[in-house]
Amino acid sequence: MSLEIQNLHVRIEEREILRGLNLSVSKGETHALMGPNGSGKSTLANTIMGNPAYEVTDGKIVFNGEDLTEADPDERARAGLFMAFQYPATIPGVSVANFLRMAVNAKREEPIKVKEFGKLLGENMELLRIDRQFTSRYLNEGFSGGEKKRAEILQLAMLKPEIAVLDETDSGLDIDALRIVSDGVNALSGPDMGSLIITHYTRILEYVKPDFVHIMLDGRIVREGGPELADELEEKGYDFIREEVAAADAG
Amino acid sequence: MPDSPSPSVDWLGERRKAALDAYEAEPVPTWRRSGFWTTSLRNLDLDALETRRYAPVGSADELPAAVRDALDDEPGALIVQRGASTILLEVDPELTAQGVIVMPLEQAVAEHGELVREWYMRRLSEGDGKFPAATAAFWTGGVFIHVPRDVRVERPIQSVYAIDEAGTAQYAHTLAIVGENAECAIREYCLGGDFDGQALHAGAFELYARPGARAKLAHFQDWGRGEVHDISTKRVEIARDAFVSWVPVHLGGRLTKQTLDIVTAEQGSDMRHTGLYFTERDEHLDLFTTDLHEAGHTTGDTVWKGALTGESRASYEGLIEIVAGAQETHTYLQTHQMLLSQRAKGDAIPSLIVKTDNVSASHGGTVGELDEDQIFYMMTRGISRIEAVRTLVEGYFEEVVQRLDDPGLETLIRRRIGEKLLAAEDQVKEFVGHRAGAAQEA
């Protein structure tokens, strides 16, 4: 059970952002993907989910042996992929509870029973320490940065994907919110879920321990390793990695 | 055009005569705005239309299905006009005991002549144009509502104008007076069937909310698939410290040209104006609303939202006018329009005339399409593109629907919008899909 990204090339508006990216994430694993601004992290997340604004010019996205490179986003979601957005869209007029029910039902043959849904929602809200009245608000409308991120993780908890991509979920969070979100991700992680945590900073990795760390520069993964790689990055910074890679290329 | 009915009362006969003169003097108008928006009646064969009389029905159960479905189950009063005839009148005896009058305007002229005369066309004029003149000259049946002072009516008072046959010309006049400190809810429906051919509804509506009154007023227009041309003027006047929440809803009509004016006429009067429209196929909708503040210390809050599918055309122009001396007026107007088809065309224009100082007045307007980011976001949750679109449009309207504060009407509107979206599913899919494809090519 895994997500395989093979030699992925992606363009937006004539500009090549991903230039031959390879990555594999299996259930039960936690991966951190780190990179400076503009390295293509969000492009990767969007492409994994099939955002039509991004054009795949080469390579493949394979999930559980099935080629999803051309699949629509909803198909990917139903197959078990999920993305927590850095900047989630506002959905006016649709309450958090109604949205969640719609999303939960999209993956099911029979609609979820009201009672069962209520119980599931209650448990997950408790896990993320979300206030009851939160669910009657329109999704993301007037939400603070922290509320938006919590709403994303609440969706993750409700939808229970096989592989979750968290696109800069840590950005813009204060330390309390970061801790709550991290606790949530940790509670949901386990043998049934793999995750790809995309981040600019090492901060979230103090709370969510990755099994693997990948460093991305200019649309490619340039270094891979265990948790110690994040520590090295924290110490030396992206510029050091960039010089190292340039030197290796030159050599 | 029909003969003018014989005047039953002199003063009314004189008004009808003046209206007939105005009608005959005026050519059939073409409405033009800004040089590019035109509402024309050149395709309407006026001479082929006639007023039609119908026999009364015994109860609401015998009403056409299109009418029955839209009505609240337990109204306080129900009056139904089909074509030129009042075919049903049901008033809860409790209301009658409270002194509430609901009856055809024709009957009210005979039975409550002085009261009708005092208010009749106080804010309407046969000089407003060809069709206001036609309505004033030719109306039959009609609706008269009077809620006496200090009376509170819980259940809605409902009036219906129905057209269910091609070739019908309907001239409608509703006069409503909500007395001092009285409270009530009034819903007026314009309903049609799915007949083949043309029809005309020329309507006049006037409501006077007396000092301290509180009224909820809804207009629900759904003429169906028949080619109904609706040319109407509706005016609401709000007296001192009174409040009216007015909800005009337009869900269908071949051609609609309406002037909707709400007037805060005296100090302390307050209005909430919430409009909604959904056009489809080849419908043409042309609305001009005015929030007129005639006195100081008045407040207004207007929101209009519309959506367009098919090859429909919809123009909404909303004006806030604050007259000289109406200081300490606080009002705003917002209008939004959403295009759901490549071939639909729309316009949403807010404007402002302020002739005094020390007021706050703001307005805003948008014409847009569905946001591809929102659709993508929803799809990443497993929701199909078409369901995402449907949900977004329903959500877009939901903000307005929730302002109605009328659960029965809210349910009806939600249902009708859902049906319209379902009917337009293929073209909306094509439109949104086309844009997604274009984004990829960009």
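The values are calculated or read from the model by the stated rules, or taken from the named source; none is laboratory data. Note that the structure is a prediction, hence the values are computed from the model and not measured. As a convention, Cβ positions derive from the backbone with ideal geometry for all residues, glycine included, and neighbour counts pool all protein chains shown.
Considering B:A60, B:A77, which residue is within 30 Å of B:E183 (Cα to Cα) and without any contact (Cβ under 8 Å) to a residue 60 or more places away in the chain?
B:A60
Is at least one residue of the range B:256-268 farther than 17 Å from B:E188 by Cα, at pLDDT below 95 and surrounded by fewer than 22 Cβ atoms within 10 Å (Cβ to Cβ)?
no
Determine whether the range B:368-381 contains at least one residue that is among the β-branched types (V, I, T) and within 8 Å of chain A (Cβ to nearest Cβ).
For the range B:368-381, residues among the β-branched types (V, I, T) and within 8 Å of chain A (Cβ to nearest Cβ): present.
Tell me yes or no: at least one residue of the range A:12-26 is modelled with pLDDT under 95, farther than 22 Å from B:A388 by Cβ, among the basic types (K, R) and surrounded by fewer than 23 Cβ atoms within 10 Å (Cβ to Cβ).
Yes, the conditions are met somewhere in the range A:12-26.
Using beta carbons and a limit of 6 Å, which pairs, at least six apart or on different chains, have the first residue in the range B:27-54 and exposed (fewer than 11 other Cβ atoms within 10 Å of the Cβ) and the second one not aromatic (F, W, Y) and not in a strand (DSSP E or B)?
Qualifying pairs under 6 Å: B:T30/B:S40.
Which one of these is within 10 Å of chain B (Cβ to nearest Cβ), surrounded by fewer than 16 Cβ atoms within 10 Å (Cβ to Cβ), more than 30 Å from B:V400 (Cα to Cα) and not small (G, A, S): A:R78, A:R108? So that I can check it myself, show each step before the final result.
Working: A:R78 fails: surrounded by fewer than 16 Cβ atoms within 10 Å (Cβ to Cβ).
Just one listed residue meets the conditions, A:R108.
Taking A:P36 as the residue in question, decide whether it is more than 14 Å from chain B (Cβ to nearest Cβ) and part of a loop (DSSP other than H, G, I, E, B).
Numbers: more than 14 Å from chain B (Cβ to nearest Cβ): yes; part of a loop (DSSP other than H, G, I, E, B): yes.
Here the answer is yes, as A:P36 does meet what is asked.
Could you tell me whether the range B:83-90 includes any residue that is touching a residue at least 60 places away in the same chain (Cβ under 8 Å) and farther than 23 Å from B:T233 by Cα?
Checking the range B:83-90: not a single residue is touching a residue at least 60 places away in the same chain (Cβ under 8 Å) and farther than 23 Å from B:T233 by Cα.
Please find, within the range B:166-212, the residue that is nearest to B:E114 (Cα to Cα) out of those that are part of a strand (DSSP E or B) and among the acidic types (D, E).
That would be B:E206.
Are there any helices (runs of 4 or more DSSP H) wholly within the range B:357-431 with 1 or more residues that are closer than 23 Å to B:R272 by Cβ, touching a residue at least 12 places away in the same chain (Cβ under 8 Å) and touching a Ser or Thr at 6+ places or on another chain (Cβ under 7 Å), and if so which?
Where helices (runs of 4 or more DSSP H) fall fully within the range B:357-431 and carry at least 1 residues being closer than 23 Å to B:R272 by Cβ, touching a residue at least 12 places away in the same chain (Cβ under 8 Å) and touching a Ser or Thr at 6+ places or on another chain (Cβ under 7 Å), they are B:385-401.
Give the range B:391-419 a look and list any residue that's of a type in the set (G, A, S) and farther than 14 Å from B:K305 by Cβ, or say none.
Passing the criteria: B:G408, B:G418.
Residues in the range A:174-201 that are crowded, with 20+ Cβ neighbours inside 10 Å and within 25 Å of A:G20 (Cα to Cα): how many?
6
Filter the range B:254-304 for residues that are among the acidic types (D, E), over 22 Å from B:R33 (Cβ atoms) and in a strand (DSSP E or B) and give the result.
Correct list: B:D270, B:D301.
Quick check, is A:D170 acidic (D, E) and more than 16 Å from the chain's Cα centre (by Cα)?
Judged against the criteria, A:D170 is not a match.
Under the condition of being of a type in the set (G, A, S) and in contact with a Ser or Thr (Cβ under 9 Å, 6 or more places away or on another chain), which residue from the range A:81-105 is farthest from the other protein chains (Cβ to nearest Cβ)?
A:A97
Name the one entry in B:A348, B:A344, B:A388 that is under 30 Å from B:T298 (Cα atoms) and among the small types (G, A, S).
Being under 30 Å from B:T298 (Cα atoms) and among the small types (G, A, S) holds for just one of B:A348, B:A344, B:A388, which is B:A348.
I need the full set of residues from the range B:193-210 which are within 17 Å of B:T51 (Cα to Cα) and hydrophobic (A, V, I, L, M, F, W, C), in order please.
Those that are within 17 Å of B:T51 (Cα to Cα) and hydrophobic (A, V, I, L, M, F, W, C): B:F195, B:A199, B:L200, B:A202, B:A204.
Can you tell which of B:A136, B:A166, B:A162 is under 28 Å from B:P75 (Cα atoms) and of a type in the set (A, V, I, L, M)? Reasoning before the result, please.
Values: B:A136 fails: under 28 Å from B:P75 (Cα atoms); B:A166 fails: under 28 Å from B:P75 (Cα atoms).
Within the list B:A136, B:A166, B:A162, the selection yields B:A162.
In this structure, is A:N46 within 14 Å of another protein chain (Cβ to nearest Cβ), within 17 Å of A:S195 (Cα to Cα) and either in contact with a Phe, Trp or Tyr (Cβ under 6 Å, 6 or more places away or on another chain) or surrounded by 23 or more Cβ atoms within 10 Å (Cβ to Cβ) (or both)?
For A:N46, the condition - within 14 Å of another protein chain (Cβ to nearest Cβ), within 17 Å of A:S195 (Cα to Cα) and either in contact with a Phe, Trp or Tyr (Cβ under 6 Å, 6 or more places away or on another chain) or surrounded by 23 or more Cβ atoms within 10 Å (Cβ to Cβ) (or both) - is met.
Could you check B:G197 against (1) free of Cβ contacts under 8 Å to residues at least 60 places away in the same chain; (2) small (G, A, S); (3) out of contact with any Gly (no Cβ under 7 Å at 6 or more places or on another chain) and say which number it fails?
(3)
Is it the case that A:D183 is part of a helix (DSSP H, G or I) and within 17 Å of A:M125 (Cα to Cα)?
Values: part of a helix (DSSP H, G or I): yes; within 17 Å of A:M125 (Cα to Cα): yes.
Here the answer is yes, as A:D183 does meet what is asked.
Mind checking which residues of the range B:312-344 are crowded, with 18+ Cβ neighbours inside 10 Å and not in a strand (DSSP E or B)?
Once the filter is applied, which keeps residues that are crowded, with 18+ Cβ neighbours inside 10 Å and not in a strand (DSSP E or B), the range B:312-344 yields B:S312, B:A326, B:T329, B:L340, B:S341, B:A344.
Which fully enclosed helices (runs of 4 or more DSSP H) of the range B:3-115 have 3 or more residues being in contact with a Pro (Cβ under 9 Å, 6 or more places away or on another chain)?
B:10-25
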